[in-house]
Amino acid sequence: MRGGAGRRNEPYPLGQFPDSLLFEIAKQIVHRLAIGHSDITGDDFGTIFAQAVHGIHRGRPLGIADVEHNGCAWSVKTIKTKNADLSSVRIARLISGRNSPDYSLGISNPRANPDNTGRAVLSVWNARVNEAMDQYDDLRIVAMIRNMETRDFLIFEEEGHRFTATSYRWEFNKSGNLEGFNRATGEHEFTWQPHGSQFTIKRQIPASARRFTINPNIPIVQPESILAAIRFREDWVTIHGQV
């Protein structure tokens, strides 16, 4: 983050979510459940998180930045799971979207040289990080793992950063996807799918992760009740003829 020392105006220390922030996130999830939403999409969580930190949910990301507030920015992710015990989850797979090492990067045949393709994929990620870092003093990745059946949620945060391409080796797996492995540890850290160019970063969930649960018996507010509460009138709607 611009040398690290330039960080300022952070709403809370990195990864140290205050209880008040978790409560605001949970409250907004309850609202969506009450009006009939069965799930929380990535875009939903971007809006929820932005409101919780009193920030802005960008219409289009700047690099990897989805939410901004007072010089701080977040790449916001949510992951759906059926794991019944989120306290036991240790790994998160963060989908970063399309990272396509196309002809502009000199990759006409991705399978010809896996290491070259992997380095190109990381260069796309790094360029997006650079774009966000040019604008913001503090760049973070915040992820929420959700089990909507049990109403159990796990949230964690880490610093947004570039990856050093030479630190990884790459090979195609049996499914035809490209996997990146840390040369020092041998750990599998990345997966890139040639079809669709989806890039996934595999991360260890930090000890600072926080968990919260929501009562599974949230009552559903019927549309008629909402219309009555806002005193809906028929003259709010105009039916036009055929176009």
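The values are calculated or read from the model by the stated rules, or taken from the named source; none is laboratory data. Fair warning: this is a prediction, and the values are worked out from it, not measured in the lab. Neighbour counts are summed over all protein chains in view; Cβ atoms, including those assigned to glycine, are modelled from backbone coordinates with ideal geometry.
Overview of values
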read-out	value
Residue that is nearest to the chain's Cα centre (by Cα) [pool: residues in the range 192-218 that are more than 30 Å from Tyr168 (Cβ to Cβ) and surrounded by fewer than 16 Cβ atoms within 10 Å (Cβ to Cβ)]	Arg211
Condition broken by Ala184, with the remaining ones in (1) in a loop (DSSP other than H, G, I, E, B); (2) closer than 25 Å to Leu62 by Cα; (3) at pLDDT 95 or above; (4) of a type outside the set (Val, Ile, Thr) satisfied	(2)
Any hit, the range 188-205, residues being touching a residue at least 60 places away in the same chain (Cβ under 8 Å), at negative phi and among the aliphatic types (A, V, I, L, M)	yes
Those residues of the range 48-100 which are of a type in the set (A, V, I, L, M), in contact with a helix residue (DSSP H, G or I) (Cβ under 7 Å, 6 or more places away or on another chain) and either at pLDDT below 95 or part of a helix (DSSP H, G or I) (or both), in sequence order	Ile48, Ala52
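Residues checked against (1) part of a strand (DSSP E or B); (2) farther than 15 Å from Phe190 by Cβ; (3) among the small types (Gly, Ala, Ser):
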residue: Pro110; (1), (2), (3): no, no, no
residue: Ala120; (1), (2), (3): no, no, yes
residue: Ala127; (1), (2), (3): no, yes, yes
residue: Phe153; (1), (2), (3): yes, yes, no
residue: Glu157; (1), (2), (3): yes, yes, no
